[in-house]
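For reference, the structure discussed in these notes is given below.
The values are calculated or read from the model by the stated rules, or taken from the named source; none is laboratory data. All figures in this text were calculated on a predicted structure; none of them were measured in a lab. Quick reminder, even Gly has a Cβ in these numbers, built from the backbone with ideal geometry, and neighbours come from all protein chains shown.
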Amino acid sequence: MTDASPKTRQTLREPPMSPHLQVWRWHLTMATSILHRATGCALYVGALIAAAWAIALAQGPDSYALFKGLLGSALGKVVMFGLTISLFYHLANGVRHLVWDTGRGLDVKSANASAVLVIAFAVAATLAVWGIAGITGAL
């Protein structure tokens, strides 16, 4: 095996950046699209928590008490709050996409207005559910 001369040796170049990183500026509908994907991933975690709940319930009172203690802790409540807002956001944005699939609401003004509506619904519904839970003593 021979060494290549410096003239024939190619230098490694950095791969080019994706054009979207240079062209697009952040806007509300882009953020809601990314948030829709993130909340979908968060709901997978919620499904695992629901499965753990069912397993703890099936294993008996001691396991279930341990599980309830974990979800009743401060960290557990933060996770459950995050899952609640993820659920409502993903639901509302899914309905928004269904409307878009009919060909309505695709102009910039309508898309931005529906994005604000989706976020407002998710926050309001989450606060309502957690407020009712607090009033009824479920927290």
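So, Ala115, is that one part of a helix (DSSP H, G or I), exposed (fewer than 11 other Cβ atoms within 10 Å of the Cβ) and modelled with pLDDT of 95 or more or not?
Considered against the rule, which asks whether it is part of a helix (DSSP H, G or I), exposed (fewer than 11 other Cβ atoms within 10 Å of the Cβ) and modelled with pLDDT of 95 or more, Ala115 comes out as no.
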- Message: Condition first: surrounded by 15 or more Cβ atoms within 10 Å (Cβ to Cβ) and modelled with pLDDT of 95 or more. Can you find one or more residues in region 100-109 that meet it?
- Response: no
- Query: Using beta carbons and a limit of 7 Å, which pairs, at least six apart or on different chains, have the first residue in region 15-32 and at pLDDT 80 or above and the second one outside any loop (DSSP other than H, G, I, E, B) and surrounded by 12 or more Cβ atoms within 10 Å (Cβ to Cβ)?
  - Reply: Leu28/Asn112; Leu28/Ala115; Thr29/Ala111; Thr29/Asn112; Thr29/Ala115; Thr32/Asn93; Thr32/Ala115; Thr32/Val118
